1. I want to confirm something. Restricting to the range 76-86 and keeping residues that are of a type outside the set (S, T, N, Q) and at pLDDT 95 or above, which single residue is farthest from residue 131 (Cα to Cα)?
2. When you look at residue 64, is it acidic (Asp, Glu) and more than 22 Å from residue 154 (Cα to Cα), yes or no?
3. Considering only the range 126-136, I want to know if a residue exists there that is under 17 Å from the mean Cα position of the chain (by Cα), surrounded by 15 or more Cβ atoms within 10 Å (Cβ to Cβ), in a loop (DSSP other than H, G, I, E, B) and touching a residue at least 24 places away in the same chain (Cβ under 8 Å).
4. Please go through the range 23-48 and pick out each residue that is outside any loop (DSSP other than H, G, I, E, B) and more than 18 Å from residue 127 (Cβ to Cβ).
5. Within the range 25-56, count every residue that is free of Cβ contacts under 8 Å to residues at least 24 places away in the same chain and surrounded by 18 or more Cβ atoms within 10 Å (Cβ to Cβ).
6. Test residue 51 against the stated conditions and say whether it is in contact with a helix residue (DSSP H, G or I) (Cβ under 6 Å, 6 or more places away or on another chain) and under 17 Å from residue 145 (Cα atoms).
7. Answer with yes or no whether residue 51 is part of a loop (DSSP other than H, G, I, E, B), modelled with pLDDT of 95 or more, within 28 Å of residue 162 (Cβ to Cβ) and charged (D, E, K, R).
8. Going by the structure shown, is residue 105 touching a Ser or Thr at 6+ places or on another chain (Cβ under 8 Å) and either among the charged types (D, E, K, R) or modelled with pLDDT under 95 (or both)?
Amino acid sequence: MTKSLWEVDRMELERVARFDKLKTDPRFFLDSMLPGHERLNYNVIGTGVAENPEAKPAIDYAQDFNLTYLKAAPGKGPSLHSHDHVEVFIPMTGKWSVTWGDFGENEIILEPFDVISVPVGEMRAIRNISDTDAWHMTILGGTKPSRVDWHEDVIKKAHAAGFVLDDHGNIQEV
């Protein structure tokens, strides 16, 4: 039997994310400040696709996937967007509507621990349809997934609200 290279202290420091120590920022994504899309995102493993450079993950090292938690009030959640990598949604509490298509014309309702894997390039949105705040987990494929590709309506609404993305894909005020 070989000895582990990971002592308890090192594992705790580099590879454990304690829920009560996770940090969030309401400016995690471009649409987060738009009415109906306010939410809290918690970067757990890997940098993911956050558009706020201050959104540091609890566990930096990500190989082949990134993981985030999201908490949203009733009726709220991410707006239409796509990725060039797979995105998996897993409700942890509540009920969530997952819509997809060019205008979100298709819909599936997910309950706790249901899973949907949205194909690469497909426009998608999710919304808490519960009566109370709810949580879900998102897993993104790839070690360093590319940024979000927002639906053109989201870009226009964000600009009208005073927000744009800079050349690096980070949120800036107009």
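The values are calculated or read from the model by the stated rules, or taken from the named source; none is laboratory data. The structure presented is a predicted model; accordingly, all values stated were derived computationally and were not measured. So basically every Cβ, Gly included, is an ideal-geometry build from the backbone, and we count neighbours across all protein chains shown.
1. My answer is 81.
2. Here the answer is yes, as residue 64 does meet what is asked.
3. Yes, there is a match, as at least one residue in the range 126-136 is under 17 Å from the mean Cα position of the chain (by Cα), surrounded by 15 or more Cβ atoms within 10 Å (Cβ to Cβ), in a loop (DSSP other than H, G, I, E, B) and touching a residue at least 24 places away in the same chain (Cβ under 8 Å).
4. Correct list: 24, 42, 43, 44, 45.
5. Of the residues in the range 25-56, 2 are free of Cβ contacts under 8 Å to residues at least 24 places away in the same chain and surrounded by 18 or more Cβ atoms within 10 Å (Cβ to Cβ).
6. Judged against the criteria, residue 51 is a match.
7. No.
8. Here the answer is yes, as residue 105 does meet what is asked.
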